[in-house]
Amino acid sequence: MKGIERLRTAEDLGLIRVNEPLWLHSRWRIGGVADLFIEPLRADQIARACACAEEENVALVIVGNGSNLLFSDAGLRGAVLKIGRKFSRYTVKDNVITAQAGAWVPALARTAARMGLSGLEHAAGIPGTLGGLIYMNGGSLRHNIGEIVRRVWAMDRFGNVKVMHNAECAFSYRRSIFQDADLVILQAELICQPDDPSRIRQRTLEILKERKRKFPLKLPNCGSVFSNHPELYSNFGPPGKVIEDLGLKGFAVGGVQVSQKHANFIVNLGSGKAADVFKLVSLIRAATFRRTGIYLECEVRYVDERGRLGPLHTFLDEAN
């Protein structure tokens with residue numbers, strides 16, 4: 001705990017809280033307590049936090065809005081660095097939006113629509129930060145944020161900032177280089193296309209209406225749990241359909257349940273734990289494999305007690 005105390009008392013890291021409940025920072029509303037929680041306001045504070053954590057050998061996990069994260073029930077023996085609304089400024093010039101990583105994606109989409117800039121409509125209902133969206137190359141309706149990214153400013157754990165062009169980000173389906181490189185996304189430049197604001201608004205409203213119809217928006221969840229698999233999709237359909245065909249829609253383990261509205265969502269009924277999610281995901285993957293011969297992989301990322309972060313399914317063997 002000496003390292004945590006030194007990090008807590010380090011000079012000018014931003015807003016710091018001790019013993020922060022992580023369920024407050026996950027859309028699943030699940031998670032234990034983190035030893036330390038830091039919200040930076042500036043890039044130099046991010047650099048200092050990374051350097052201090054490295055020097056003190058403290059696990060440091062970088063998060064956004066937690067819309068795609070499951071935290072351990074045991075919390076985190078280390079520090080969380082949240083890049084959110086305290087680091088969310090953005091500007092618009094001509095058809096270019098330059099935004100910090102903590103910018104709220106629905107707000108960016110609304111601004112773009114109001115200014116007659118198309119390209120973010122598909123992300124209007126995604127409850128996350130720009131940094132998180134770029135990290136996952138997220139999107140909907142067969143679109144992803146990588147389509148409009150021109151450049152990304154990213155910092156390594158030693159405070160060096162690199163400007164990466166689109167090709168260097170290695171965007172693919174729910175993938176980017178940031179999942180493999182130890183880099184902190186600071187800012188991005190998005191290239192939009194001019195269009196009539198009323199047409200953009202109409203498309204956005206239709207997308208939001210469809211999301212409301214299809215997805216469980218009233219119960220805590222982390223969006224799509226499983227990613228599409230080309231072979232599975234061709235032979236059996238998308239993960240939600242496969243899970244529904246298995247009769248698992250509405251199936252519950254502990255305090256979590258396969259959504260009765262969309263089977264690729266797992267909702268927290270109010271008392272859900274990470275352990276419940278693990279059990280339910282394991283059950284779904286086993287049942288899907290028996291039916292299709294394919295193991296589903298998770299879009300959702302898990303953060304364990306030691307600060308390791310990765311796709312949830314990669315932690316399942318350790319849990320069993």
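Using a 1.4 Å probe on the protein heavy atoms, what percent of the accessible area of the chain belongs to carbon and sulfur?
Result for the chain: 50 percent of the exposed heavy-atom area is carbon or sulfur.
Quick check: net charge around ARG151, other residues with Cβ under 10 Å of its Cβ, Lys/Arg +1 and Asp/Glu -1?
Local charge sum for ARG151: -1.
Note the full-extension length gain between ALA51 and GLU147 as 0.36 nm times their separation in residues minus their Cα-Cα distance, in nm to one decimal.
Answer, rounded to one decimal: 31.3 nm.
List the aspartates and glutamates whose Cα lies under 20 Å from the Cα of LYS261, skipping any in the same chain that are fewer than 8 positions away.
Of all the aspartates and glutamates, those that pass the test against LYS261 - Cα under 20 Å, at least 8 places apart if same chain - are GLU206, GLU210, GLU244, ASP245, ASP276, GLU299.
May I ask what percent, to the nearest 5, of DSSP beta bridges between residues of the chain are antiparallel?
DSSP beta bridges in the chain are roughly 80 percent antiparallel.
Can you give the extra length, in nm with one decimal, that the chain gains between ALA167 and ALA286 once fully stretched, where that is 0.36 nm per residue apart less the Cα-Cα distance?
Gain in length upon complete extension: 39.2 nm.
List, in order, the whole-Hz ³J(HN,Hα) value for each residue of the range 136-147 obtained from phi through the Karplus relation with A = 6.51, B = -1.76, C = 1.60 and θ = phi - 60°; use x for Gly and Pro.
Whole-Hz 3J(HN,Hα) from phi for the range 136-147: 8, 6, x, x, 7, 6, 6, 10, 8, 5, x, 5.
Given a cut-off of 28 Å, name the pairs among LYS214/LYS279; LYS93/LYS209; LYS82/LYS241; LYS162/LYS273; LYS162/LYS212 whose C-alpha atoms lie farther apart than that in the structure shown.
Where the Cα-Cα span goes over 28 Å, the pairs concerned are LYS93/LYS209; LYS82/LYS241; LYS162/LYS273; LYS162/LYS212.
Relative contact order of the chain: what whole-number percent is it, with Cα pairs under 8 angstrom and at least 6 residues apart?
About 17 percent, as a whole number.
Which residue, LEU120, LEU205, LEU141, has the most motion in a Gaussian network model of the chain that connects Cα atoms within less than 10 Å?
Evaluated over the chain, the most mobile residue of the options is LEU141.
Over the range 70-203, with the other protein chains present, what is the accessible area per residue in square angstrom, probe 1.4 angstrom?
With all protein chains present, the range 70-203 gives 44 Å² per residue.
Tally Lys/Arg at +1 and Asp/Glu at -1 over every other residue whose Cβ is under 12 Å from the Cβ of TRP28; what's the total?
For residues surrounding TRP28, the net value is +2.
What number results when the radius of gyration of the range 1-121, computed over Cα atoms, is divided by 2.2 N^0.38 Å?
1.20
Which percent of the Cα-Cα distances in the range 229-279 go past 15 Å?
That fraction is 47 percent.
Using helices alone, I'd like the mean residue ellipticity at 222 nm for the chain: each DSSP H run of four-plus residues gives -39500 (n - 2.57), total over residue count, nearest 500. Each step should come with its number before you reach the end.
Values: 9 runs with 92 residues, N = 320.
Computed ellipticity for the chain at 222 nm equals -8500 deg cm²/dmol.
In the neighborhood of LEU183, defined by Cβ-to-Cβ distances under 12 Å, what is the net charge if each Lys or Arg adds +1 and each Asp or Glu adds -1?
Around LEU183, the surrounding residues sum to -2.
What whole number of Å gives the distance from the Cα centroid of the range 162-200 to the Cα centroid of the range 79-100?
13 Å
Short version: ³J(HN,Hα) in whole Hz for each residue of the range 269-281, in order, from phi by Karplus 6.51 cos²θ - 1.76 cosθ + 1.60 (θ = phi - 60°), x for Gly and Pro, what are they?
For the range 269-281, the Karplus-derived couplings read 7, x, 10, x, 10, 4, 4, 5, 4, 4, 5, 5, 4 Hz, x marking Gly and Pro.
The values are calculated or read from the model by the stated rules, or taken from the named source; none is laboratory data. Fair warning: this is a prediction, and the values are worked out from it, not measured in the lab. Virtual Cβ from ideal backbone geometry, glycine too; neighbours counted across all protein chains shown. In case anyone asks, the SASA skips ligands and DNA or RNA and just uses the protein heavy atoms, side chains included. Shrake-Rupley method; radii C 1.70, N 1.55, O 1.52, S 1.80 Å.
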